[in-house]
Number of protein chains: 2
Amino acid sequence: MHQPEHLKNVGLKSTVPRLKVLSLFESGRGRHMSAEDVYKLLLASGDDVGLATVYRVLTQFEQAGLLVRHYFEGGKSVFELNQGTHHDHIVCLQCGHVEEFYDAAIEAHQEKAASERGFQIRDHSLYIYADCTKESCPNK
Amino acid sequence: MHQPEHLKNVGLKSTVPRLKVLSLFESGRGRHMSAEDVYKLLLASGDDVGLATVYRVLTQFEQAGLLVRHYFEGGKSVFELNQGTHHDHIVCLQCGHVEEFYDAAIEAHQEKAASERGFQIRDHSLYIYADCTKESCPNK
DNA sequence: TTTGCGAATGATAATCGTTCTCATTTGCGA
DNA sequence: TCGCAAATGAGAACGATTATCATTCGCAAA
């Protein structure tokens, strides 16, 4: 569990809004959340935090490495707790189920492809769109 | 070269704005263009097309399969002619320069990662965000 | 070829997610 | 406890995109 000291460790003052956002992500009430999601959940909990602050805190947490930001198709960002392991996503086109995966070979080839072309990788995103085989999936 | 009949073939009336947008993409004056890019280039050519129409036409062309839409970081959509061949993209975060690449090893590993998890790949997108080394790039 | 109508267009208002501004409040070290 | 820089919240501003609506156009039937 994160404590105020964790914020200090990443160079951020321990403030009420920051602690509330962090504990929301740790509560497991949502793994992938947009700024709007976070804002509404905090309001619903009776926690009075401004929307602008939510945006600021999410960005700070991303820069501090506490959260990872994903760029949705359509333009809005979603965040998830950074649990240290980079991973990509497979999204089921039928039921929206998201599965995370990591493939070292893919990571290595990406690095190679970029450097061969004179690029210095800053970030990357890989989304595989597929049909899953979940029992609950409507395509079954 | 596309002709009015091509628009008919995909179920779209042949209109002046549509022909202008299509020929701009075919002119090679820009491979990856945002709606704003298209709008400005048409105005610069003396072609009087409304911005709203540019957005509509780009979306229609995407649905018709004439163009492919990419959602790059930074929140704006970029379009390119659909030439039938899959490829991934490296995007420079500084100057927006886009380079295309294809890596068979990455493709193969994606296929493997998905099938191992019981998914049937339908589509996928890989974007690498980086700093490029172009002379013209502002980060130099 | 002219005509008529539904589709397409363009100007502009509206929307959405996000960032900025700025007056007020807060965390925290002295 | 005090003081001040940093953080906050309300709302304005912003950039990309979509919706609205009166006008114009493409095209097929007469």
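Go through B:Phe72, B:Phe119, B:Phe61 for me and flag whichever is open to solvent by less than 30 Å² (accessible area, probe 1.4 Å) and under 22 Å from B:Ser27 (Cα atoms). Residue meeting the stated conditions: B:Phe61. Looking for something assigned to a helix (DSSP H, G or I) and of a type in the set (Phe, Trp, Tyr) - is there at least one such residue anywhere in the range B:65-75? Taking every residue of the range B:65-75 in turn, none turns out to be assigned to a helix (DSSP H, G or I) and of a type in the set (Phe, Trp, Tyr). Screening B:Leu42 on (1) more than 9 Å from DNA strand D (Cβ to nearest atom); (2) assigned to a helix (DSSP H, G or I); (3) within 14 Å of chain A (Cβ to nearest Cβ) shows it passes everything except condition (3).
Okay, residues lined up against (1) more than 16 Å from DNA strand C (Cβ to nearest atom); (2) touching a residue at least 12 places away in the same chain (Cβ under 8 Å):
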| residue | (1), (2) |
| --- | --- |
| A:Gly28 | yes, no |
| A:Leu41 | no, yes |
| A:Ala52 | no, no |
| A:Val68 | no, yes |
| A:Gln83 | yes, no |
| A:Asp103 | yes, yes |
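For the range B:81-96, the criterion of a residue being under 16 Å from B:Met33 (Cα atoms), at the interface with chain A (Cβ under 9 Å from one of its Cβ atoms) and in a loop (DSSP other than H, G, I, E, B) is satisfied by at least one position.
Picking from residues in the range B:45-54 that are open to solvent by 20 Å² or more (accessible area, probe 1.4 Å) and over 24 Å from B:Val91 (Cβ atoms), the one that is nearest to DNA strand D (Cβ to nearest atom) is B:Ala52.
Residue count for the range B:2-39 satisfying the condition of being part of a loop (DSSP other than H, G, I, E, B), near DNA strand D (Cβ under 9 Å from one of its atoms) and within 14 Å of the chain's Cα centre (by Cα): 1.
Among the candidates B:Leu126, B:Leu67, which residue alone is more than 9 Å from every other protein chain (Cβ to nearest Cβ) and in contact with a helix residue (DSSP H, G or I) (Cβ under 9 Å, 6 or more places away or on another chain)?
On the way: B:Leu126 fails: more than 9 Å from every other protein chain (Cβ to nearest Cβ).
None of the other options fit; the residue is B:Leu67.
The values are calculated or read from the model by the stated rules, or taken from the named source; none is laboratory data. Everything quoted here is computed from the prediction, not taken from an experiment. Positions of Cβ are backbone-derived with ideal geometry, glycine not excepted, and every protein chain shown enters the neighbour counts. We work out accessible area using only protein heavy atoms, side chains counted, and drop any ligands, DNA or RNA first. Shrake-Rupley method; radii C 1.70, N 1.55, O 1.52, S 1.80 Å.
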